[in-house]
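A short worksheet on the structure shown next.
Values quoted throughout were computed directly from the atomic coordinates according to the rules given, and no laboratory measurement underlies them. Since this is a predicted model, take the numbers as computed values, not measurements. Here the Cβ positions follow ideal geometry from the backbone for every residue, glycine too, while neighbour counts run over all protein chains shown.
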Amino acid sequence: MPVPDSGDVEADILSVLTHEPPPEFAELRMRMMPYLMAHASRNPAFGKAWKATVFDPPRLQLRAILDRAVARGDRADSLQKHFPSERSASGNP
């Protein structure tokens, strides 16, 4: 999936976070997930490959969106409202 670039950081991030694969195999995916997770926990090579295939692409897309926002000069405080740090979430400045 290409990195979204609508010009709206929030919309691009939501696009990545709400992406769902085609529904044809949704039930099968849901039934297989516990077995894949268990196998990944017992087999480090499989776990590493699964992470690289399933979890890394959206993480890298989000990183690209944020990097592009910074390069465009989007203000840090506008990004902060969407991604509060632990300090600001706890009430500390």
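In sequence order, what are the phi-derived ³J(HN,Hα) couplings for the stretch 52-61 according to the Karplus relation 6.51 cos²θ - 1.76 cosθ + 1.60 with θ = phi - 60°, rounded to whole Hz, with x for glycine and proline?
With the stated coefficients, the stretch 52-61 comes to 5, 8, 9, 9, 5, x, x, 4, 5, 4 Hz.
Mind giving me the nanometre distance, one decimal, between the label points for Ala38 and Glu20, set 7 Å out from Cα along Cα→Cβ?
2.6
Just to confirm a number: summing +1 for Lys and Arg and -1 for Asp and Glu over residues other than Ala40 whose beta-carbon lies under 13 angstrom from that of Ala40, what do you get?
The answer is +3.
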